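*Asks:* One structure is given below, represented as structure tokens, and several questions about it will come after.
The values are calculated or read from the model by the stated rules, or taken from the named source; none is laboratory data. In this text the structure is predicted, and so the values were computed from the model without any measurement. Neighbour counts are summed over all protein chains in view; Cβ atoms, including those assigned to glycine, are modelled from backbone coordinates with ideal geometry. Each accessible area value is taken on the protein alone, full model and side chains, heavy atoms only, with ligands, DNA and RNA left out. Shrake-Rupley method; radii C 1.70, N 1.55, O 1.52, S 1.80 Å.
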Amino acid sequence: MDIDERLEQVVVMGAAGKMGRGISWLLAREMARRMRDPARRGRTHRLTLVDVREEGLTDLLGYIEAQATRHAARTIETLRPRYRGRAGVETDEQVVRCFVADVLSVVRTTADGRQARGARLVFEAVPEAERLKIETLRHLNEWCPAETFFLSNTSSIPIQVLDREADLGGRIVGFHFYNPPAVQELVELITARETRPDLIETAREIGRRLGKRLVPARDIAGFIGNGHFMREVLHALQAAADLRDRFDESEAIYALNRVSQEGLVRPMGIFQLVDYVGIDVACSILRVMGRHIPGETFQADLLQRMVSRQLVGGQHADGSQRDGFFRYAGRLAVSIYAPERQEYVSLGTLGRVDRALGPLAEVAWKEVLDDPERGRRLREHFARLASADTLGARLTTAYLRASRRIGRQLVADGVAESPEDVDTVLKSGFHHLYGPFDEIA
């Protein structure tokens with residue numbers, strides 16, 4: 001079965017979730033495009049979107065319609081030749097409506113997973129919980145044809161484990177989109193020893209058609225992205241703990257968040273990033289890594305305490321940030337959680353931490369993002385910090401060394417094929433201005 005045949009019957013499991021809906025839109029767009037291909041005209045194209053939350057499926061259809069409308073407006077020059085000449089299609093507005101109608105025509109939603117019968121490709125995007133993914137894949141294996149290929153959006157669980165436990169016989173590959181899938185170009189492609197070569201080629205071609213940049217990762221829990229990110233989280237937690245003779249817990253977390261954002265010139269601090277991912281999701285990833293990577297500890301007591309108090313972060317349906325380590329007004333952090341007092345305190349009350357850290361950045365991430373002199377400015381920034389004898393400078397330098405050490409470990413362990421792949425994942429997936437192997441300090 002070739003890829004064009006497989007793309008006629010596709011299922012997304014967990015379609016209404018944060019990742020699933022972006023994956024659903026990308027597939028709907030591609031299937032609508034193929035539906036108008038003269039070589040495929042008359043063929044049935046069906047994208048079945050499955051989620052146990054029926055109210056989420058209603059929101060999902062609205063999301064896909066809105067994405068299709070915006071996409072059509074942006075790409076109207078490309079769409080005109082496809083639709084002009086059809087009866088009644090004369091204006092750009094009509095072209096947009098026709099494209100949106102095509103996208104929605106390939107989609108059907110259901111809360112019944114058994115509707116996956118007949119699927120030739122299944123994208124699994126249920127929450128990052130090992131038992132849930134295994135049970136979901138087991139059911140799909142029972143319901144779907146023996147030739148069905150499975151692409152899992154897992155960000156940490158070894159593919160060989162999912163393959164073995166769900167008895168898929170090498171018909172599963174890791175296809176880890178980055179959030180949000182509709183925008184982020186990066187996908188980590190994770191293959192196990194048993195993964196079928198024709199599935200690997202199919203996955204590569206799907207990545208190309210969806211406009212993604214694929215980076216290969218070895219099948220070791222956490223892969224490249226979370227392998228680096230989670231170890232950085234552990235470094236930040238330990239560095240914050242080491243400051244407890246000087247600051248209380250919330251102040252120490254605030255200090256490391258500032259260091260990792262301003263000192264390292266990143267789009268957000270490490271604990272804001274944990275909030276964005278979801279503190280509960282981070283805990284789940286750490287458990288997976290602890291279970292499958294021997295000889296290394298992945299314990300994060302503070303994260304567990306936050307989850308026990310139901311402060312888990314993540315995003316609301318409108319994209320605004322839920323409270324976690326920080327409380328947010330929209331996406332702007334305005335206060336920080338003080339575990340000792342079990343309440344949020346205004347960031348404006350943390351002036352003594354700012355004074356203790358000293359000056360951190362003369363450049364900001366957004367300021368140098370598109371600057372052709374970015375490399376020079378970053379080198380000058382880190383040179384200034386290296387020569388400064390302030391708490392913030394010392395914490396930044398130690399953090400940068402830890403990031404580089406983690407990157408070298410990922411290459412030495414064979415998780416990444418090359419230093420360039422580590423740098424690509426962090427720059428493309430996390431929007432860092434530089435990778436652990438770039439010469440900036």
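*Asks:* Find the accessible area per residue for the chain; the probe is 1.4 Å, ligands and nucleic acids are left out, and the unit is Å². Intermediate values should be presented prior to the final figure.
*Replies:* Working: 19180 Å² over 441 residues.
Result: 43 Å² of accessible area for each residue.
*Asks:* As an exercise, take the mean of 1/r over every pair of distinct alpha carbons in the range 282-441, invert it, and state the Kirkwood radius in angstroms.
*Replies:* On the way: mean 1/r = 0.0536 Å⁻¹.
Radius from the Kirkwood sum: 18.7 Å.
*Asks:* For Met35, Met268, what's the largest-to-smallest order of accessible area, 1.4 Å probe?
*Replies:* I get Met268, Met35, largest accessible area first.
*Asks:* Report the full-extension gain for the segment Thr69 to Glu201: residue separation times 0.36 nm, less the Cα-Cα distance, to one decimal in nm.
*Replies:* 44.4 nm
*Asks:* Same structure again: Which residues in the range 220-246 place their backbone N less than 17 Å from a point set 7 Å from the Cα of Arg341 along the Cα-to-Cβ direction?
*Replies:* Under 17 Å, as judged by backbone N against the label point of Arg341, lies no residue of the range 220-246.
*Asks:* As a test of understanding, state the convex hull volume per residue of the range 8-106 from its alpha carbons, in Å³.
*Replies:* Normalising the Cα hull of the range 8-106 by residue number yields 94 Å³.
*Asks:* Treating cross-link reach as a plain straight distance, find the lysines whose alpha-carbon is under 23 Å from the alpha-carbon of Lys18, omitting any fewer than eight places away in the same chain.
*Replies:* Within the straight-line cut-off, Lys18 pairs with Lys133, Lys212, Lys427.
*Asks:* Would you work out which of Ile76, Leu57, Met31 lies farthest towards the positive end of the dipole of the range 7-91? Charges go on Cβ: Lys and Arg +1, Asp and Glu -1.
*Replies:* Towards the positive end, the residue furthest out is Ile76.
*Asks:* Hey, another quick one. Find the percent of Cα-Cα distances in the range 327-369 that exceed 12 Å, and round it to a whole number.
*Replies:* Result for the distance tail: 72 percent.
*Asks:* In whole angstrom, how far apart do the alpha carbon centroids of the range 361-430 and the range 179-193 sit?
*Replies:* Value for the Cα centre distance between the two parts: 22 Å.
*Asks:* Taking just the C-alpha trace of the range 117-263, give me its Rg and Dmax in Å.
*Replies:* Cα only, the range 117-263: 18.7, 61 Å (Rg, Dmax).
*Asks:* Let me ask something else about it. Using only alpha-carbon positions, what ratio does the radius of gyration of the range 40-165 give when scaled by 2.2 N^0.38 Å? Working shown, then result.
*Replies:* Working: Rg = 18.1 Å, N = 126, 2.2 N^0.38 = 13.8 Å.
Compared with the compact-globule rule of thumb, the range 40-165 sits at 1.31.
*Asks:* Match the structure shown to one of the listed values [x] 57, 27, 18; [y] 37, 26, 17; [z] 40, 25, 21 of semi-axes √(5λ) of the Cα gyration tensor in Å, computed from it, and give that label.
*Replies:* Recomputing semi-axes √(5λ) of the Cα gyration tensor in Å here gives the entry labelled [z].
*Asks:* A follow-up question, please. Packing-wise, with mean Cβ within 10 Å as the measure, how do 99-107, 122-130 rank, highest first?
*Replies:* Those peptides, ordered most packed to least, come out 122-130, 99-107.
*Asks:* Next up: Just to confirm a number: summing +1 for Lys and Arg and -1 for Asp and Glu over residues other than Arg405 whose beta-carbon lies under 14 angstrom from that of Arg405, what do you get?
*Replies:* Values: positive: Arg231, Arg401, Arg404, Arg408; negative: Glu232, Glu296, Asp413.
It works out to a net charge of +1.
*Asks:* Additional query: Percent relative contact order of the range 80-214, based on C-alpha pairs within less than 8 angstrom and at least six residues apart?
*Replies:* Relative contact order here is 16 percent.
*Asks:* Follow-up question, since we're still on this one. So what are the range 344-415's ellipsoid semi-axes, whole angstrom, largest first, if each one is the square root of 5 times an eigenvalue of the alpha-carbon gyration tensor?
*Replies:* So the three semi-axes of the range 344-415 are 26, 19, 14 Å.
*Asks:* Here's something else I'd like to know. With charges only on Cβ, +1 for K and R and -1 for D and E, what is the dipole size of the range 171-276 about its Cα centre, in debye, rounded to 20?
*Replies:* 560
*Asks:* Between the range 24-66 and the range 232-279, what is the C-alpha centre distance in whole Å?
*Replies:* A separation of 40 Å, based on Cα centres.
*Asks:* Here's another thing I want to ask about it. Relative contact order for the chain: what is it in percent, counting Cα pairs under 8 Å that are at least 6 residues apart? It would help to have the intermediate numbers written out before the result.
*Replies:* Working: 750 pairs, mean separation 54.8, N = 441.
Dividing the mean separation by the residue count of the chain yields 12 percent.
*Asks:* Rank these by accessible area, largest first, 1.4 Å probe: Arg322, Arg82, Arg231, Arg401.
*Replies:* Output order, biggest surface exposure first: Arg401, Arg322, Arg82, Arg231.
*Asks:* Next up: So which trypsin sites (Lys or Arg not before Pro) in the range 2-65 are both in a DSSP loop and have at most 13 other Cβ atoms within 10 Å of their Cβ?
*Replies:* Answer in residue order: Arg41, Arg43.
*Asks:* Where both partners of a DSSP beta bridge lie in the chain, what percent of those bridges are antiparallel, to the nearest 5?
*Replies:* 35
*Asks:* Quick one: length gained pulling Ile134 to Glu194 fully straight, 0.36 nm per residue minus the C-alpha distance? All intermediate terms of the calculation are to be shown ahead of the outcome.
*Replies:* Numbers: separation 60, 0.36 × 60 = 21.60 nm, distance 1.69 nm.
Roughly 19.9 nm would be gained on extension.
*Asks:* Sticking with this structure for a sec: Output the relative contact order of the range 261-341, whole-number percent, from Cα pairs under 8 angstrom with separation of 6+ residues.
*Replies:* Computed value for the range 261-341: 25 percent relative contact order.
*Asks:* Let me ask you something else. Express the carbon and sulfur contribution to the solvent-accessible surface of the chain as a percent, rounded to the nearest whole number, probe 1.4 angstrom.
*Replies:* The C+S portion of the solvent-accessible surface of the chain is 48 percent.
*Asks:* Pulled fully out, how much extra length does the chain show between Glu165 and Ala241, if you take 0.36 nm times their separation in residues and subtract their Cα-Cα distance?
*Replies:* Gain on extension, Glu165 to Ala241, equals 23.5 nm.
*Asks:* Assuming R0 = 60 Å, what is the FRET efficiency of Met1 and Val334, from their Cβ-Cβ distance, to the nearest 0.05?
*Replies:* Efficiency, from the Cβ-Cβ distance: 0.65.
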